[in-house]
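Since the structure comes first, as structure tokens, the remarks are kept for the end.
The values are calculated or read from the model by the stated rules, or taken from the named source; none is laboratory data. Not measured: the values here are computed from a predicted model. Positions of Cβ are backbone-derived with ideal geometry, glycine not excepted, and every protein chain shown enters the neighbour counts.
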Amino acid sequence: MISSNQASSHPSCEFLSKCPVWGKFQTNSKLFWIKQYCEGSKQVSCARKKLVLENAEVPANLLPNGDFLD
Ligand code: SF4
């Protein structure tokens, strides 16, 4: 049987330490996003990461799901 350690089985996004969108949050709601995307399996679909990997300009307030933070 494979032991279950799913919470930490996914490597964090390599851009996490310098992703400027998280500095714009006033509340801990960013932790929800970070768990889902930056530290989870959804990082492959992150709108920010796609732009970074295309060497495109990434709006500072772009959220991982493609919405914009007000
Ligand atoms: S928002 Fe996207 S690009 Fe930024 S750290 Fe999270 S997964 Fe990576």
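Suppose we filter the stretch 40-55 for residues that are touching a residue at least 24 places away in the same chain (Cβ under 8 Å), part of a helix (DSSP H, G or I) and closer than 15 Å to K30 by Cα; how many remain?
First pass over the stretch 40-55, keeping only residues touching a residue at least 24 places away in the same chain (Cβ under 8 Å): 40-41, 43, 46, 48-49, 52.
Now drop any that are not part of a helix (DSSP H, G or I), which leaves 41, 43, 48-49, 52.
Narrowing the set further to residues that are closer than 15 Å to K30 by Cα leaves 43, 48.
Residues in the stretch 40-55 being touching a residue at least 24 places away in the same chain (Cβ under 8 Å), part of a helix (DSSP H, G or I) and closer than 15 Å to K30 by Cα: 2 in total.
Say we look at the stretch 3-20 and pick out the residues that are farther than 15 Å from K35 by Cβ and modelled with pLDDT of 95 or more; which of these is farthest from the ligand (Cβ to nearest atom)?
Looking at residues that are farther than 15 Å from K35 by Cβ and modelled with pLDDT of 95 or more, I get E14.
Tally up the residues in the stretch 20-70 that are among the charged types (D, E, K, R) and over 22 Å from H10 (Cα atoms), please. Let's see the steps before the verdict.
Looking only at the stretch 20-70, we keep the residues that are among the charged types (D, E, K, R), and these are 24, 30, 35, 39, 42, 48-50, 54, 57, 67, 70.
Next, only the ones that are over 22 Å from H10 (Cα atoms) stay: 24, 54, 57, 67, 70.
Looking only at that region, the number is 5.
Which residues, counting only those in the stretch 11-39, are in contact with a Ser or Thr (Cβ under 7 Å, 6 or more places away or on another chain) and part of a loop (DSSP other than H, G, I, E, B)?
Of the stretch 11-39, the ones in contact with a Ser or Thr (Cβ under 7 Å, 6 or more places away or on another chain) are 38-39.
Scanning the stretch 11-39 gives a single hit, E39.
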